[in-house]
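Every number here is computed from the coordinates shown, using simple stated rules; none is lab data. From a predicted model like this one, the values you see are computed outputs, not experimental measurements. When we count neighbours, we look across all protein chains shown, and the Cβ atoms used for this are built from the backbone with ideal geometry, even at glycine.
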Amino acid sequence: MERSTWGTRAGFIMAAVGSAVGLGNIWRFPYVAYDNGGGAFFIPYLFALLTAGIPILILEFTIGHKYRGSAPLSFFRMSGKKLEWMGWWAILVSFVISVYYAVIIAWAMRYTIFSINQAWGTDTETFLFSDFLQLTVEPGQTGSIVWGIFIPLAIVWIITLGILAAGVKRGIEAANRIFIPTLVVIFLIIVIRAVTLEGAGLGLTAFFEPNFDAIMDPSVWVAAYGHIFFSLSIAFAIMITYSSYLPKKSDITNNAFITGFANSSFELLAGIGVFAVLGFMAAQSGDAVADVATAGVGLAFVVFPAIINEFPGFNGLFGVLFFLSLTIAGLTSLMSITETYVAGISEKFGTSRTKAVLVGGGLAALISILFATQGGLFFLDLVDYYINQFGVAAIGLVEVIMIAWVFRKLDTLKDHANPLSDIQLGGWWKISLGVITPIVLGYMMFGLLRTNIL
Ligand code: PHE
């Protein structure tokens, strides 16, 4: 069977950017940067982007393009059975992430509706945990299904699996061509509104103020590398899968730079937007920005709703746009991560795309119901913690060591990418992948093992 391909270069880039830009950019980056040196964080961040993020993106684009398969098949074609397992490992991590990532998108979708009349009331924290999540059981128990989560969750899966079933060009590409420009427009509106709020300056000062001492602290560098991996969706099998649908004549390195910088621009914008809003909150309440700054669930579903309550003028719209942007950014990432196992299953078992979507996606959807129960948040926190601690960086580390040192494939890959690309790969790329990334990730894993196990 002829392999599906993207219709246009812009289509591929939008899909890759769609994967990279997700919840992490909006609710994770602003706080990670703020917490790790503010303005000074850009030094380790850029370093991580240029020595790990973009080099690995180029690596994965090249692998997908050259070997034209999902991660396990590409690794198999590169170095045989001895490497195929690495693709399955990445797919397994992707599967697990997709299962709970979908649930958070479902919350965001539900909150989009709540925003219209601020249905969350004045005590947004109690609303989230008691009324919405109905977290009334002991950790480890499921309780019953919470329909307010289950229904949007079903919608999230129907949209995602429907798009994947429609195919690479007619499904994933077509959806991203609508979603990504929409997301950019919505986000620009949000950020412009945010920076014109009273007190925005306070937040921006807190965000950008550089603490240069921070960059002497190794944990700040670890945070930068960890964030780059998650944010760019690398070492998840995604970028290999997406680039396996590239037409033969495709610029590889340039596409990787565009994807990397687009993702970073988006998160910088998110940082500005989020901290401007936090500044507004600080100005209203008289608290310091440091007291309101946070990330993740607390930021998006407790702090933001509380701030939206205080908005001048018609406050429904800002909330709708904010939660809609989370929903859209999340959906395009969920599509990509689900595609890793859809492609893996369909190639391994020779089944059609539709069957693979039904089996792989169906299984993920079923398991995700666990997180739509009363005890769902406990399970979600637990899985998220372990996956983030051990899943991603570990695969990244094994991937670079295997490819650069055990199977010594960097030159083969470089010779594949260079004739196709404007930007030529050379010493920078090889040193980044062969030396810098393994050292940093190795140090990171060692630290994790020490604090968690020893
Ligand atoms: N890159 C996405 C984000 O920033 C997260 C993600 C990771 C999505 C892995 C898919 C796979 O939120």
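Okay, here's what the table says:
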| quantity | calculated |
| --- | --- |
| Full-stretch length increase - Arg408, Ile439 - with 0.36 nm per residue and alpha-carbon distance subtracted | 9.5 nm |
| Length-normalised contact order of region 9-452 in % [C-alpha pairs under 8 Å, at least 6 apart] | 36 percent |
| Mean-position separation - Cα centroids, region 199-250 and region 88-104, in angstrom | 20 Å |
| Relative exposure of Glu399, Glu138, Glu2, judged by other C-beta atoms within 10 Å (fewest first) | Glu2, Glu138, Glu399 |
| Hz values of 3J(HN,Hα) by residue in region 279-286 - Karplus curve (6.51, -1.76, 1.60), Gly and Pro given as x | x, 4, 4, 4, 5, 5, 8, x |
| Cut-off 11 Å between beta-carbons: net charge of the residues surrounding Ala40, Lys and Arg +1, Asp and Glu -1 | -3 |
| Residues with amide H under 5 Å from that of Thr373, placed H, sequence gap 5 or more | Val146 |
| Set of aspartates and glutamates with alpha-carbon distance to Lys249 below 19 Å, sequence-local pairs under 8 removed | Glu2, Glu60, Glu173, Asp415, Asp422 |
| Computed FRET value (nearest 0.05) for Arg3 with Asn388, which takes r as the C-beta separation and R₀ as 45 Å | 0.85 |
| Using θ = phi - 60° and Karplus 6.51 cos²θ - 1.76 cosθ + 1.60, couplings along region 130-140 (whole Hz; Gly, Pro as x) | 8, 7, 7, 7, 6, 7, 10, 9, 6, x, x |
| Residue-wise HN-Hα coupling along region 441-450, computed from phi with Karplus coefficients 6.51, -1.76, 1.60 (Hz; x: Gly, Pro) | 5, x, 4, 5, 5, 4, x, 5, 5, 5 |
| Cα-projected label distance for Asp35 with Ile158, points at 7 Å along beta-carbon direction, nm | 3.7 nm |
| Footprinting exposure proxy for Val99, Val302, Val435 (fewest neighbouring C-beta atoms within 10 Å first) | Val435, Val302, Val99 |
| Residues Ile26, Ile436, Ile178 arranged by fewest to most Cβ contacts within 10 Å | Ile178, Ile436, Ile26 |
| Summed side-chain charge close to Phe378 - residues other than Phe378 whose Cβ falls under 13 Å, Lys, Arg +1, Asp, Glu -1 | -3 |
| Degrees separating the helix 174-195 axis from the principal Cα axis of the chain, which is the longest one | 40 degrees |
| Rough spin-label spacing in nm, given labels placed 7 Å along Cα→Cβ, for Asn309 and Ser265 | 3.7 nm |
| Separation of alpha-carbon centers, region 421-442 and region 127-193, rounded to whole Å | 36 Å |
| Added length on full extension, which subtracts the Cα-Cα distance from 0.36 nm per residue, Ala10 to Arg77 | 21.4 nm |
| Principal-axis tilt of helix 81-117 within the chain, Cα atoms, nearest 10 degrees | 20 degrees |
| Sum of -39500 (n - 2.57) over DSSP H runs of 4+, divided by residues of the chain (222 nm, nearest 500) | -20500 deg cm²/dmol |
| Surrounding net charge for Leu420, when Lys and Arg each add one and Asp and Glu each subtract one, Cβ distance under 13 Å | +2 |
| Span from the region 18-77 Cα centroid across to the region 335-404 one, whole angstrom | 18 Å |
| Cα long-axis angle, helix 54-67 against the chain (0 to 90 degrees, to the nearest 10) | 50 degrees |
| Long-range HN-HN contacts of Glu209 with modeled amide H, under 5 Å | Gly39 |
